[in-house]
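The values are calculated or read from the model by the stated rules, or taken from the named source; none is laboratory data. Computed from a predicted structure; not experimentally measured. Because the Cβ atoms are built from the backbone with ideal geometry, glycine has one as well, and the counts that use them run over all protein chains shown. Surface accessibility is based on the protein's heavy atoms, side chains included, excluding ligands, DNA and RNA. Shrake-Rupley method; radii C 1.70, N 1.55, O 1.52, S 1.80 Å.
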Amino acid sequence: MDTLLFDLDGTLLDTNPLIIASFRHTFDYYFPEQTYRDEDIYRFIGPTLEKSFRELNEPEWKEMQAFYRSFNIAMHDQLVAEYPGVIEGLYRLHAKGYKMGVVTSKGRPVVERGLRLFNIDHLFDVVVTADDVENEKPHAEPVERALKALGSSPERAVMVGDNDTDIYSGKNAGTKTVAVGWALKGRPFLESLEPDVIIDSMEHFEAWLDEVSIHA
């Protein structure tokens, strides 16, 4: 294993409060007669905004997307947070010489903003966003595009994420898959995806990588 691909939201950065607030802001405007609890919004975390808003309101999905993004960008730096130990772990993995990339369903401008905000943009040799592919996760294309850019192969790579779209994209591309135990949707949900491992910390991830390398 020499290639590590990471989802961004809910995996490397705790963007869940921002995402939930952005969806609630949008839903309150477009569907004022309905009440959305946090739990009702969880199913929209992972898919692209286009997919989510088309499902809800086909005629106005582009307007909803723009409305969402305006609030999301305005509140980004205020609501995005670190997960304990994750950024430190990324620096350790980078120092060990792993090829590292981000594979996300978000648009590039806000992705780059998040990476710069926490000074981790330089750790990644490739960033694949929703703007770069025709088929978003769980399709294999985003992972395959990242592997090609890194000069790597599925047999040498791991896809790390917090959602079904991440795990299935890795599986579809033929990589090993790792689910993060701090995922919003909880451990039973992660177990149902059948990743190769569910990690509880970056130290756990590093230990697992060492073990996989020994038995390769």
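Could you check how many residues of region 95-116 are assigned to a loop (DSSP other than H, G, I, E, B), surrounded by fewer than 24 Cβ atoms within 10 Å (Cβ to Cβ) and modelled with pLDDT of 95 or more?
3
Conditions (1) assigned by the TED database to the domain that holds residue 206; (2) within 28 Å of residue 173 (Cβ to Cβ); (3) not charged (D, E, K, R), marked per residue:
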site	(1), (2), (3)
7	yes, yes, no
10	yes, yes, yes
31	no, no, yes
86	yes, yes, yes
98	yes, yes, yes
105	yes, yes, yes
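Sort through 212, 178 and tell me the only one that's in contact with a Gly (Cβ under 8 Å, 6 or more places away or on another chain), closer than 16 Å to residue 2 by Cα and aliphatic (A, V, I, L, M).
None of the other options fit; the residue is 178.
Working carefully through the options 87, 73, find the one that is part of a helix (DSSP H, G or I), modelled with pLDDT under 95, of a type outside the set (Phe, Trp, Tyr) and farther than 17 Å from residue 45 by Cβ.
After ruling out the rest, the residue left standing is 73.
May I ask you to say which residue of 174, 181, 170 is in contact (Cβ under 8 Å) with a residue 60 or more places away in the chain and either out of contact with any strand residue (DSSP E or B) (no Cβ under 9 Å at 6 or more places or on another chain) or under 26 Å from residue 200 (Cβ atoms) (or both)?
Testing whether each residue is in contact (Cβ under 8 Å) with a residue 60 or more places away in the chain and either out of contact with any strand residue (DSSP E or B) (no Cβ under 9 Å at 6 or more places or on another chain) or under 26 Å from residue 200 (Cβ atoms) (or both) leaves just 170.
Right, residue 32: part of a helix (DSSP H, G or I), of a type outside the set (D, E, K, R) and open to solvent by 80 Å² or more (accessible area, probe 1.4 Å) or not?
No: the conditions fail for residue 32.
Just to confirm my filter: which strands (runs of 3 or more DSSP E) fall fully inside region 139-216 and include at least 1 residues that are open to solvent by 50 Å² or more (accessible area, probe 1.4 Å) and among the charged types (D, E, K, R)? Break it down into steps so the answer makes sense when it comes.
Values: elements: 157-161, 176-180, 197-199.
Correct list: 176-180.
Here are 47, 17: which of them is within 24 Å of residue 139 (Cβ to Cβ) and either outside any helix (DSSP H, G or I) or not acidic (Asp, Glu) (or both)?
Going through 47, 17 in turn, just one is within 24 Å of residue 139 (Cβ to Cβ) and either outside any helix (DSSP H, G or I) or not acidic (Asp, Glu) (or both): 47.
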